[in-house]
Amino acid sequence: LLTLKGPAPRVRGEMKNLAIIEGGCLAAREGRIVFVGTRDAFEAEVSMEDSATVIDASDRVVTPGFVDCHTHLPFAGSREAEFSRRLAGATYQQIAEEGGGIMSTVQATRQATDEELLDTVLQRMDRMLLEGVTTCEAKSGYGLTVQDELRLLRVLARARELHPMDIVPTFLGAHTVPAEHRQRREDYIRLVIDKMIPAVAADRLAEFCDVFCEQGAFSLQESRRILQAGIKAGLTPRLHADQLTACGGAELAAEVKAASADHLERATDEGLGLMAQAGVPAVLLPGAAFCMREKHSAPARKMIDLGVAVAIATDLNPGTCNSESMQLMIALACLNMGLTAEEAIVAATLNAAVTIRRNETVGTLEAGKLADILVLDVPNYQQLPYRPGINHVNTVVKNGVLVVRDRLLSYEEARDEAAS
């Protein structure tokens, strides 16, 4: 039983502490954990009603639900043709300059109906749940008009009502400057600041404001203006930082005390040091570097040594990492970024929860927290990175409800039982 009980976030050597209870037991009632401990203590302290659901996890591993803290969940269309072009040697920047990349998805998303968008979001959420994700952050960013950005956030709100997974929404109107504003760049920035952010805040459609701070997207100065506008409106800042170039994103994240700085493949030592001093976590996206065949990974070991809290996420998106698998990200974080199995598990649970301000309720298995629990069909946790490309999740409990049983979705069945 990997409880991960302890300080939040985990930094430096603390990231190797999984607070394991061998032969442990856990009990939950009305969606909350009420007991975590040894079998002897369980038998002495806990009594079960006849209607209780008992899950036998003998010879298996039990962990908190995974927290995917960086996704671009709502989008339409597909970009496998661009993927093939990159395999043939084209760069991400070249494709974007030719009208592809993010703008290709923007066009498809604008043309999709609300029902089509909702259906694709729910399908992705089902795949995430089967892979053990019980909470995810989800960004807008493929609308890039006031109407379409609000529409994407409303689709996420509707999906949250229909699906057991928890969604934490982020506004990403500053994903790129859309084609219709390329010759009027300042007009688009003013649109984001003066129209989009106030509308998002007024309807409480997002908790965070994100910016793609990168050459070809938004400059350091532009990113600062947008994030400060978000802060004034009550949206917590986070940002895509230093993915393709060292553009000062890590330094800006420290300056505005962002909830997280994400990517950081080319962050400077100075920027990482400032993040550590400011207590800004890093969200590493090993799937993006892997899918883009980048030889340069984010310096995870340096971050940990500096005292930066490290989280990992999928970066689920149609262009650079079309994957819902947090288990694959755990393996890639170990194989390509040098994390240990223990560090990667902490990064995918507790530290990820910290970046979306949910660590008081999820990320560990402790009395009082939500009963978000995974049963992994492996004899020990080291097998997660050791056997990549395999879904090891057998059972998922979300808010105390059995939503995946024997590798099959069961949340509709559970909802029907509750209704009757």
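A few remarks follow.
- The alpha carbons of segment 1-81 occupy a box of 59, 39, 25 Å along the principal axes, longest dimension given first.
- Note on segment 55-203: semi-axes of the ellipsoid equivalent to its C-alpha gyration tensor, largest first and rounded to whole Å, are 31, 21, 13.
- Difference of contour (0.36 nm per residue) and Cα-Cα distance, ASP40 to ARG185: 45.7 nm
- Length released on extending from ARG387 to ALA367, taking residue separation times 0.36 nm less the Cα-Cα span: 4.1 nm
- Paramagnetic reach from ARG357 in segment 7-49 [backbone N under 19 Å; point 7 Å along Cα→Cβ]: 8-10
- The trypsin sites (Lys or Arg not before Pro) of segment 70-138 include none that DSSP puts in a loop with a beta carbon having at most 11 other beta carbons within 10 Å.
- Straight-distance crosslink candidates among lysines, where the alpha carbon sits under 20 Å from LYS139 and sequence neighbours closer than 8 are dropped: LYS195, LYS232, LYS257
- Extent of segment 47-129 along its three principal axes (Cα atoms, max minus min coordinate, largest first): 65, 32, 19 Å.
- Taking the longest Cα principal axis of the chain as reference, the axis of helix 326-337 is set at about 70 degrees.
- Solvent-accessible surface (1.4 angstrom probe) belonging to MET103, in square angstrom, nearest 10: 30
- One chain, two ends: GLU98 and ARG29. Fully extended at 0.36 nm per residue, the span grows by 19.3 nm beyond their Cα-Cα distance.
- Cα pair distances in segment 291-420, grouped into 10 Å bins until the bin that holds the longest one, percent each: 11, 35, 37, 14, 3, 0
- Rounded to the nearest 10 Å², the accessible area of CYS247 at probe 1.4 Å: 40
- Bridges between two residues of the chain, per DSSP, are antiparallel at a rate of about 45%.
- Cα-only radius of gyration and Dmax that characterise segment 195-292, units Å: 13.2, 39
- Solvent-accessible surface (1.4 angstrom probe) belonging to ASP56, in square angstrom, nearest 10: 110
- Solvent-accessible area per residue for the chain (1.4 angstrom probe, square angstrom): 41
- The calculated 222 nm mean residue ellipticity attributable to helices in the chain amounts to -10500 deg cm²/dmol, summing -39500 (n - 2.57) over DSSP H runs of n ≥ 4 and dividing by all residues.
- Integer Hz, Karplus 6.51/-1.76/1.60 couplings in order for segment 290-306, x for Gly and Pro: 5, 5, 8, 6, 6, 7, 9, 8, 4, x, 4, 5, 5, 4, 4, 4, 6
- Residues whose amide H comes within less than 5 Å of that of CYS213, counting only those at least five positions distant or on another chain, are HIS240 (H built at 1.01 Å from N in the peptide plane).
- Accessible surface ranking for PHE83, PHE35, 1.4 angstrom probe, highest first: PHE83, PHE35.
- Directionally averaged shadow of segment 330-371, computed from the convex hull of its alpha-carbon atoms, nm²: 3.1
- Placed amide H near VAL61: partners under 5 Å, 5+ positions off or other chain: LEU376, VAL378
- Loop-located GluC sites (Glu not before Pro) in segment 1-58 (DSSP state other than H, G, I, E, B) with a sparse environment of at most 16 neighbouring Cβ atoms within 10 Å: GLU22, GLU30, GLU49.
- Largest-first principal axis extents of the Cα set of segment 111-185 (Å): 44, 21, 16
- Eigenvalues of the alpha-carbon gyration tensor of the chain, scaled by 5 and square-rooted, set the equivalent ellipsoid semi-axes at 35, 24, 20 angstrom, largest first.
- To the nearest ten degrees, helix 114-130 and the longest principal axis of the Cα atoms of the chain are 40 degrees apart.
- J(HN,Hα) series, segment 13-20, from Karplus relation 6.51 cos²θ - 1.76 cosθ + 1.60, nearest Hz, glycine and proline x: x, 4, 5, 8, 9, 9, 6, 7
- Residues with amide H under 5 Å from that of ARG32, placed H, sequence gap 5 or more: ALA371
- Annotation note: GluC sites (Glu not before Pro) in segment 86-116 located in DSSP loop regions with a Cβ neighbour count of at most 14 within 10 Å are GLU98.
- Once the Cα atoms are used to define both axes, helix 102-111 deviates from the longest principal axis of the chain by about 80 degrees.
- Accessible-area composition of the chain, carbon plus sulfur, in percent [1.4 Å probe]: 48
- Residue-wise HN-Hα couplings along segment 386-400, as the Karplus relation 6.51 cos²θ - 1.76 cosθ + 1.60 with θ = phi - 60° gives them from phi, are 6, 10, x, x, 10, 7, 8, 7, 9, 9, 10, 10, 10, 6, x Hz; Gly and Pro carry x.
- Counted charge near GLY13, where neighbours are those whose Cβ lies closer than 13 Å (Asp, Glu -1; Lys, Arg +1): 0
- Here the ratio of the Cα radius of gyration of segment 201-258 to 2.2 N^0.38 Å is 1.08.
- With the convex hull drawn around the C-alpha atoms of segment 234-287, the volume per residue stands at 69 Å³.
The values are calculated or read from the model by the stated rules, or taken from the named source; none is laboratory data. Not measured: the values here are computed from a predicted model. Cβ atoms come from the backbone with ideal geometry, glycine included; neighbour counts cover every protein chain shown. Surface areas here come from the heavy atoms of the whole protein model, side chains and all, with no ligands, DNA or RNA. Shrake-Rupley method; radii C 1.70, N 1.55, O 1.52, S 1.80 Å.
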